[in-house]
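One structure below.
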Amino acid sequence: MAFLQRSREQRYAKERFNLLLLDLEEYFFEQHIAWHVVNPDRGDQRKVRGSLKICSKSLIFEPDEVSRPIIKALGYFQKYLLNGLFLSLTKIALRDCVTIDVKEDKKPRNPFTQVGLFSVAFTQVCLIKEKNIVTPYKVLRGKNGYIFQLEQAEKVDDVVQTVLQLHRASRLDRLADQTAMITAILQSRLARTSFDKHRLHSITEVSQMECSAEMVTPLVSNPGHVCITDKCLYFQPLNGYPKPVLQIKLEDIRRIYKRRHGLMPLGLEVFCTENDLCSDIYLKFYKSQDRDELYFYIARYLENHVTEHTAESYMLQWQKGHITNNQYLLHLNNLADRSCNDLSQYPVFPWIIADYTSSELDLLNADTFRDLGKPIGALHKDRLDRLLARYEEMPEPKFMYGSHYSSPGYVLFYLVRVAPEYMLCIQNGKFDHADRMFSSISETWRNCLEGATDFKELIPEFYGHDVGFLVNTLKLDLGKKQGGELVDDVQIPPWAADPDDYLQKNREALESQYVSEHLHEWIDLIFGYKQKGNDAVAAHNVFHPVTYEGGVDLNSIEDPDHEIAMLTQILEFGQTPKQLFTKPHPQRITHKWRSISRSSSQSASFVDYPVSPSEESFEDLTEESKTLAWSNISKLEIVDQLQIHKEAVTGIAVSNNGGSIFTTSQDSTLKMFSKELKSLQRSISFSNMALSSCLVLPDDSTAICSSWDNHVYFYSIAFGRRHDTLMGHDDAVSKLCWHDNRLYTASWDSTVKVWSCKPSDVSAAKRNDFHLLTELEHDASVNSMNLNYVGSLLVSGTKEGTVSIWDIASNQLLHQLRCHSGIVYDTAFSPDSRHILSSGEDGFLKVIDVQTGTLITSIVTEQPQRCFCWDGNVVLSGSHSGELLVWDLLGAKVVDKIQGHSGAVTCIWMNEQCNTIITGGEDKNVILWKLVF
């Protein structure tokens, strides 16, 4: 992970100083070259050259000599002899300063004498990174005095005035007053400076906006100036650290996200990669308007270069196996405001494996895995019972868990071996007690199961490739346990040969069949509908109210001290991710489904849900030919173009032998065209009103047409005459479907009716006896309808934009969604019955998950798509302008445009092999297409 890479870069940098040596919420303002004068009153006086850092709460001196330690002083100033400045890499806490006594040199200055000296006295010193080795801080207690000298003596007055000002801030009684005064000093410094235009990459660049902001990295913030031009995004630190300016070319940016920072909408994270978890820069703005303006400018630049993905679009990619479980979790974390730059919102990953004792890891055994349908705190029954008993007795607001599953402390617990300075930063220069350190995978899992206050999940590093966080490469002194055991490398389970093998097996487990079947259950808990409300209570997934987005309104807190204390508590305790889903998350699609179920699991397997009958059919030659056809669907060529109607074409059907094409039109006629003879064979008029759709029965004996006159007409192909009429609706019949001797009729009278009707009876000389089996009621006129491949599910779309999914066996409404703001033009199931695609008058294409009724993807188009066919991934649609458009659903974009009709494409037909297309349009034409590749 990039977090580990950043830690290594800091570890091996020549400069030992970094912002982690500051206190939390402290700013580094400026630095000066200075000397530490050693033994000033003795004959062996010498000077140690280094850098003096002036920070909002302390002074730090970093010696140039690596062998000398950085000194962090925690006492009080006895006096300043204004003639210079000094520090060793020393940190002096300004809040404990007693006096600052400035003495002027009244004697005539000799250029060869020392000038600008001052002395400092304090009661406690921490020696840090001696010989550039990271260890817990060594503390020297007792009164100590130091003398320093600035290289530029003329700056001494300004430096001391700054220190005096910061000292006054540190001595204020109330924390809120201290914070307010330091903030005012910072804003004053930012106001007196601006972005240096000489730092622009090119003199031809045009500045678009400038503002003040802070660059955020884990545990620290660095103030400075942001500038965005027509070419680049720049950040210039106020202190020039770690470099004078950071530059990112706009053309390199791939993703941007707005972030909550400190519970406020002030963050912006910029990525120059597609899949990396860690960003290239994380900025925190002082005004949300500045953040939004910068976001808008970058987004406007990117809109023609990069497709913005939503949680729903990633969900569809994951369901279809185009991204891994690992990638999907990374994307969800990103969308939920989780960032490796914010330890209070670090990406969260689940514990997957529950077996840490076996010598072999069996990924085909369900008992190997943790139950992903339960939060960590609910996995152990005895502990859960105790927590529930406490929960029932607790006054409002109730919460089940006193700690969170992700917090800065937990993240650094895992990463201490690769990022020790981060733990030293939050632990006041010390590592945690050895018995509480991360030393064993199995012990950590056991404590998460049984511990009274331990409910932590994992971090992405457990499913990565870098073993650094498991191996004590730095030879850190992490202490000795009560039993005498030294804490060194993390002990791995017996089924892993070494740390690399452990991570490899973790990755295999994450992508295993069991996890693919059940990962959606964990997503429901962390990012989904079981995160809040009654569903969270039922799932035993209730945390303290302050951890949830919107749980605390900081603006409503009148006491500034209370506001700061509340914010500190929230940041240290951890935060629940932003909620991404409010309905149950769909399950992942896997072919050749062999469900691995836990005996204790209450969730139903998807194999119980109606799906295509033959799993093996996905592997036959027909499917291979379909896949090949859809991968080349853009290579359509017009074979023939027919002008056989006087009004818009409304329906297309083809006989099973492929010899005859049947079309209906608003001119009220049914036409039969011979493909072999290339001539019109029949033209039949049933009424004076438009025909809306048609179909041919499986034995090629009968064509059936629906009409706006409320009737359904049966035409005998063999006898060349209308055979029967079904008067079954009170308004226009809009669509017909046929399956297994049943006729389905959709109507503007707000119903879909199912009729029993045998083909042999239809072709007989006697009148037919139609039996109404069921009537599916809607709230508006039904305009479109379709069946899934096996006829077990029906989807309908209304003129008011509602899409409904029905179970045919029980005649029950499974799901109903308001998908469009106008007419639903067309609806269809994917070949595997897992998804439904709908197109609407509002110009949207929308994908719905059949199992959960969740709207997965919403794609805006330039114009309405009147009809379509699709293979579950690629869509061939007929547009309002007459073009055929090829869509990549996963990429949410048009891949190709094929010119066809001069008016809207109103209907489309595709053969089983997916290599022949027939379209009809408002231009009265019927076009025959052939796939040529």
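Against the list (1) open to solvent by 50 Å² or more (accessible area, probe 1.4 Å); (2) assigned to a helix (DSSP H, G or I); (3) farther than 22 Å from Arg338 by Cα, the condition Gln569 fails is (3). Among the residues of region 497-537, those identified as of a type in the set (Lys, Arg) and either more than 17 Å from Ile323 (Cα to Cα) or open to solvent by less than 10 Å² (accessible area, probe 1.4 Å) (or both) are Lys505, Lys530, Lys532. For residues in region 770-815 being free of Cβ contacts under 8 Å to residues at least 24 places away in the same chain and outside any loop (DSSP other than H, G, I, E, B), which is farthest from Thr852 (Cα to Cα)? Once the filter is applied, the top-ranked residue is His771.
Across region 61-70, a minimum of one residue is classified as of a type outside the set (Lys, Arg) and either under 20 Å from Asp157 (Cα atoms) or at pLDDT below 70 (or both).
Please determine, by comparing only the residues of region 721-740 that are hydrophobic (A, V, I, L, M, F, W, C) and touching a residue at least 40 places away in the same chain (Cβ under 8 Å), which one is most open to solvent (accessible area, probe 1.4 Å).
Within region 721-740, the subset hydrophobic (A, V, I, L, M, F, W, C) is 726-727, 732-733, 736-738.
Subsequent filtering for residues that are touching a residue at least 40 places away in the same chain (Cβ under 8 Å) retains 726, 732-733, 736-738.
Numbers: Leu726: 14, Ala732: 2, Val733: 0, Leu736: 10, Cys737: 14, Trp738: 47 Å².
Within region 721-740, the match that is most open to solvent (accessible area, probe 1.4 Å) is Trp738.
Take the conditions (1) closer than 29 Å to Asn541 by Cα; (2) open to solvent by 10 Å² or more (accessible area, probe 1.4 Å); (3) not hydroxyl-bearing (Ser, Thr, Tyr); His404 misses just one of them, which is (2). Per this entry, Asn222 is counted among residues that are out of contact with any Lys or Arg (no Cβ under 8 Å at 6 or more places or on another chain), in a strand (DSSP E or B) and either at pLDDT 95 or above or within 30 Å of Gln427 (Cβ to Cβ) (or both).
Collect the residues in region 421-432 that are in contact with a Lys or Arg (Cβ under 9 Å, 6 or more places away or on another chain), at pLDDT 90 or above and not aliphatic (A, V, I, L, M), keeping them in residue-number order. Even if it seems obvious, please write down each step before you answer.
Within region 421-432, the subset in contact with a Lys or Arg (Cβ under 9 Å, 6 or more places away or on another chain) is 421, 423-424, 429.
Those still in the list that are at pLDDT 90 or above too: 421, 423-424.
If the condition is that a residue be in contact with a Lys or Arg (Cβ under 9 Å, 6 or more places away or on another chain), at pLDDT 90 or above and not aliphatic (A, V, I, L, M), then Glu421 is the only one that fits.
Restricting to region 198-216, name every residue that is without any contact (Cβ under 8 Å) to a residue 40 or more places away in the chain and surrounded by 13 or more Cβ atoms within 10 Å (Cβ to Cβ). Hits for region 198-216 are Leu200, Glu205, Ser207, Glu210. Counting residues that are open to solvent by 10 Å² or more (accessible area, probe 1.4 Å), more than 30 Å from Met400 (Cα to Cα) and small (Gly, Ala, Ser), which helices (runs of 4 or more DSSP H) fully inside region 274-386 reach at least 2? Here the list reads 288-302. Among the residues of region 434-453, none qualifies, meaning not one is without any contact (Cβ under 8 Å) to a residue 60 or more places away in the chain, in a loop (DSSP other than H, G, I, E, B) and of a type in the set (D, E, K, R).
Of all strands (runs of 3 or more DSSP E) completely enclosed by region 830-933, which ones contain at least 3 residues that are of a type outside the set (A, V, I, L, M) and in contact (Cβ under 8 Å) with a residue 24 or more places away in the chain? Break it down into steps so the answer makes sense when it comes.
Details: elements: 835-840, 844-849, 855-860, 865-870, 874-879, 883-888, 893-899, 905-910, 916-921, 926-931.
In region 830-933, the matching strands (runs of 3 or more DSSP E) lie at 835-840, 844-849, 865-870, 874-879, 905-910, 916-921.
Listed residues Val860, Val875; which is open to solvent by 30 Å² or more (accessible area, probe 1.4 Å) and closer than 24 Å to His309 by Cβ?
Values: Val875 fails: open to solvent by 30 Å² or more (accessible area, probe 1.4 Å).
Being open to solvent by 30 Å² or more (accessible area, probe 1.4 Å) and closer than 24 Å to His309 by Cβ holds for just one of Val860, Val875, which is Val860.
With respect to the stated conditions, Thr702 fails to be of a type outside the set (A, V, I, L, M, F, W, C), under 47 Å from the mean Cα position of the chain (by Cα) and modelled with pLDDT of 90 or more. The single condition from (1) assigned to a helix (DSSP H, G or I); (2) without any contact (Cβ under 8 Å) to a residue 40 or more places away in the chain that Leu268 fails is (1).
Residue check: is Gln149 open to solvent by 40 Å² or more (accessible area, probe 1.4 Å) and either on the phi < 0 side of the Ramachandran plot or not in a helix (DSSP H, G or I) (or both)? Against the criterion (open to solvent by 40 Å² or more (accessible area, probe 1.4 Å) and either on the phi < 0 side of the Ramachandran plot or not in a helix (DSSP H, G or I) (or both)), Gln149 does not qualify.
Just to be sure, is Arg174 surrounded by fewer than 15 Cβ atoms within 10 Å (Cβ to Cβ), free of Cβ contacts under 8 Å to residues at least 24 places away in the same chain and within 20 Å of Asp23 (Cα to Cα)? Let's see the steps before the verdict.
Numbers: surrounded by fewer than 15 Cβ atoms within 10 Å (Cβ to Cβ): yes; free of Cβ contacts under 8 Å to residues at least 24 places away in the same chain: no; within 20 Å of Asp23 (Cα to Cα): yes.
Answer is no for this residue.
Within region 177-197, which residues are assigned to a loop (DSSP other than H, G, I, E, B) and surrounded by fewer than 17 Cβ atoms within 10 Å (Cβ to Cβ)? I'd like the intermediate steps shown before the answer.
From region 177-197, those assigned to a loop (DSSP other than H, G, I, E, B) are 193-196; that's our starting set.
Residues satisfying the conditions are Thr193, Ser194, Asp196.
Pairs are defined by a Cβ separation below 6 Å, a sequence spacing of at least 6 or placement on different chains, a first member in region 672-691 that is farther than 21 Å from Asp724 by Cα, and a second member that is in a strand (DSSP E or B) and among the aromatic types (Phe, Trp, Tyr); the pairs so defined are Leu680/Phe673.
When Ile918 is tested against the conditions (1) more than 37 Å from the chain's Cα centre (by Cα); (2) aliphatic (A, V, I, L, M); (3) at pLDDT below 95, the lone failure is (3). For region 415-433, a residue qualifies if it is surrounded by fewer than 21 Cβ atoms within 10 Å (Cβ to Cβ) and either assigned to a helix (DSSP H, G or I) or among the hydroxyl-bearing types (Ser, Thr, Tyr) (or both), and the qualifying residues are Glu421, Ile426. When Asp466, Asp489 are checked against the criterion of being among the acidic types (Asp, Glu), closer than 22 Å to Trp351 by Cα, more than 25 Å from the chain's Cα centre (by Cα) and open to solvent by 10 Å² or more (accessible area, probe 1.4 Å), a single residue qualifies: Asp489.
The values are calculated or read from the model by the stated rules, or taken from the named source; none is laboratory data. Not measured: the values here are computed from a predicted model. Positions of Cβ are generated from backbone atoms using ideal geometry, with glycine treated the same way; all protein chains shown enter the neighbour counts. Only protein heavy atoms, including side chains, enter the accessible area calculation; ligands, DNA and RNA are left aside. Shrake-Rupley method; radii C 1.70, N 1.55, O 1.52, S 1.80 Å.
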